[in-house]
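Have a look at the structure below before the remarks.
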Amino acid sequence: MPWLWYAVPFGLSVIFALTIGRSPRFGAEIERWRKRMGRIDKSEGDVDSAQGYRGAKGAVDNKGKGEPKRKGPRRVTAPPSQLTRMLETTGGGDVFGYYELVPKLAYLAVMSANAFQGSDHMTILARLDEASPSFTARPLPIVEGQRIANNGVQFKKDADIMSLFLVERAVESGPAMPPTEESDKAIRKWLSPPLREALLDLPAAWLRVDGKAKVMALTLYGAPDAERMDELVAAADIVFAEYGAEGGPSLLGDDDDDDEALAAPPPKKKAAGMKQAPAAKA
């Protein structure tokens, strides 16, 4: 078939062109997000940090010193293997970059489509504190312009979540669990009203929880966009605040580490000088 001599190179050239064009676009949006969301150096003041679900922790006026310094989430080679395995449940793709939100606990993975994954996506991967039910909460599918009947876990007192989300009793990589009232009740309890509200605010999100492995993944499909990344991290922070490992420290960059740094004692040399001053005066 002589036409293959032309079709194959053409197809490869299209894929190459799309990939080359995607990288600068991805990089620009990620850098814009890093500058917006970056951790704030509170020694320089913080008058408008994102407080999110956790509430304000006491902003510090920067007294005219200009914008507070922000240190964006750093790019890393890979999260712990426990989290990268969870990434397989999202469909995978080619890794564009991993970004550390909380060391060893939470990361943002930016993935690009390939021959096996048809969509770019952004996924928050995080460790959970305790074993929990396994499930997937995903947008209720639309067929021929109509949402399908919701045959997932039933939330009879929450019509809003039932109209937008299908809650299935497993993650893609695990076995489907037979529906029982006990297992459904555990999932309903885990998806507390604040968590359901976070999903309703982000109706395109997919939340996957592997209760046995104690990991979660919150995904938005589509090319990276700084505003959508902000929304994704804010929603993941609500889940992580409730169930995250090691007490679920903030994903938004306003954790207590900076506050502790402000309260740290003066350097030893300075302290020694202060102690010698009274003796010199005498």
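Each reported figure results from applying straightforward, stated rules to the coordinates on display, with no laboratory input. Here the structure is a predicted model, which is why all the values come from computation and not from measurement. Glycine gets a Cβ as well: all are built from the backbone with ideal geometry, and neighbour counts include every protein chain shown.
With a cut-off of 19 Å on the backbone N, the residues of the range 117-157 near the modelled label site 7 Å out from Gln82 along Cα-Cβ are 124-135.
Just want the ordering: Trp33, Trp206, Trp190, from fewest to most Cβ atoms lying within 10 Å of their own Cβ. Can you show the working numbers first?
Numbers: Trp33 25, Trp206 21, Trp190 16.
Ranked by crowding around the Cβ, least crowded first: Trp190, Trp206, Trp33.
The distance between label points at Glu100 and Lys156 comes to 4.9 nm (points 7 Å beyond Cα on the Cα→Cβ vector). With the crude spin-label approximation of a point 7 Å out along Cα→Cβ, what separation in nm comes out for Ser119 versus Lys35? The answer from the label model is 2.9 nm. When each of Glu231, Glu182, Glu31, Glu144 is scored by the number of other beta-carbon atoms lying within 10 Å, the sequence from fewest to most is Glu144, Glu182, Glu31, Glu231. Under the combined filter of DSSP loop state and at most 13 neighbouring Cβ atoms within 10 Å, the range 78-172 retains these trypsin sites (Lys or Arg not before Pro): Lys104, Lys156, Lys157.
The HN-Hα couplings worked out from phi for the range 134-147 by the Karplus form 6.51 cos²θ - 1.76 cosθ + 1.60 (θ = phi - 60°) are 9, 6, 10, 9, 9, x, 4, x, 10, 10, 6, x, 10, 6 Hz, whole numbers, x standing for Gly and Pro.
Within the set Lys185/Lys212; Lys104/Lys185; Lys157/Lys185; Lys189/Lys212, which residue pairs have Cα atoms separated by over 19 Å?
Details: Lys185/Lys212 17 Å; Lys104/Lys185 31 Å; Lys157/Lys185 13 Å; Lys189/Lys212 17 Å.
Correct reply: Lys104/Lys185.
Going from the fewest other Cβ atoms within 10 Å to the most, the residues Met229, Met162 appear in the order Met162, Met229.
Taking a ≥ b ≥ c as the square roots of the eigenvalues of the alpha-carbon gyration tensor, the range 74-217 is classed prolate because a/c is 1.5 or more and a/b outweighs b/c.
Close amide-amide hydrogen proximity is noted between Val215 and Leu128, Asp210, each under 5 Å apart and 5 or more residues distant or on a separate chain (H modeled in the peptide plane; Pro and chain starts excluded). Applied to the range 88-93, the Karplus parametrisation 6.51 cos²θ - 1.76 cosθ + 1.60 on θ = phi - 60° returns per-residue 3J(HN,Hα) values of 5, 6, 7, x, x, x Hz, with x for Gly and Pro.
Would you work out the charge dipole size for the range 129-192 about its Cα centre, treating the Cβ of every Lys and Arg as +1 and the Cβ of every Asp and Glu as -1, and quote it to the nearest 20 debye?
Numbers: 8 positive and 10 negative charges, 40 e Å.
Computed about the Cα centre, the dipole is about 200 debye.
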